[in-house]
1. Could you pull out every residue, at least 5 positions away or on a different chain, whose amide H is within less than 5 Å of the one on TYR59? Hs are placed 1.01 Å off N in the peptide plane, and Pro or chain starts have none.
2. Can you give the relative contact order of segment 24-74 as a percent, counting alpha carbon pairs under 8 Å and 6+ residues apart?
3. What number, in percent, do you get for the relative contact order of segment 70-124 if the mean sequence gap of Cα pairs under 8 Å and at least 6 apart is divided by its residue count?
4. So if each residue of separation counts as 0.36 nm, and I subtract the Cα-Cα distance between GLU111 and MET96, what length gain in nm does that give?
5. Summing Lys, Arg as +1 and Asp, Glu as -1, what charge do residues with Cβ under 13 Å from the Cβ of THR117 carry, THR117 excluded?
6. Could you give me the ³J(HN,Hα) list for segment 144-150, computed from phi with Karplus coefficients 6.51, -1.76, 1.60 and θ = phi - 60°, whole Hz, x at Gly and Pro?
7. For GLY86, what is the net charge nearby, where nearby means another residue's Cβ is under 15 Å from its Cβ and Lys, Arg count +1, Asp, Glu -1?
8. Between their Cα atoms, which of LYS69/LYS168; LYS38/LYS84; LYS87/LYS168 are more than 30 Å away from each other?
Amino acid sequence: MKILKLILLLFPVLIFTQNSLPDLHLNDNIDVSNDVQKLLKLKGNEIAVSFYTNGGLGYQFTIDNFIYKENGDILHYKDKIYFKRGKKHERNKMKMIESEKTDLKSIVQSEFFRDFTKYTQADFRYSEKNHQICATDSIDDAPENFVMITQNGKQNTIMVYLPKNNAKCSAEGSPLMKFIQLHQLFGIELEG
């Protein structure tokens, strides 16, 4: 009987901690003019992890928004914003099975994710130490890949130009390789 009482006592605690969101320490105030940020309608402590590319020449954004709700649910929207000949927007809600949601919850709760949120754009500049950008040829219309993490009125946005091309000269634990790994964890295909 004591074991049953213990299980009944611990069950709500386990459910509550499984659904609780980490408190991320993000650097910048939300940029209300950011088109990706305008799509997010976060409440309270909710978290959005947005992956997007400008599509080259800035004619369109392709965006994957993962929104972690306070009730433990996770929403995944695939958005496209077109800027050529007037601004147009398409939104598709992606269906996820429970095992995918469980995997996504473990990512945002992980030490890897918390460490990634501490990066700033300055960490993605070339240096002798981490060799972030090594592509020598400049392509004017090559896409730029972004990650934007938002919570509690704050955001971190990281932009990387041609990440796959630059990976060949970056150290294994460098911020660029972690940028690529974060995309892989969320199942997002990088461009360039």
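Bear in mind these aren't lab numbers, they're just calculated from the coordinates by the rules spelled out. Just so we're clear, the structure is a prediction, and the values are computed from it rather than from any experiment. Neighbour counts run over all protein chains shown; Cβ positions are idealised from the backbone, glycine included.
1. none
2. Details: 45 pairs, mean separation 13.9, N = 51.
Reported relative contact order: 27 percent.
3. Normalised by residue count, the contact order of segment 70-124 is 24 percent.
4. Values: separation 15, 0.36 × 15 = 5.40 nm, distance 2.38 nm.
Contour length minus the Cα-Cα distance gives 3.0 nm.
5. -1
6. 9, 9, 10, 10, 10, 10, 10
7. For residues surrounding GLY86, the net value is +3.
8. Correct reply: LYS69/LYS168; LYS87/LYS168.
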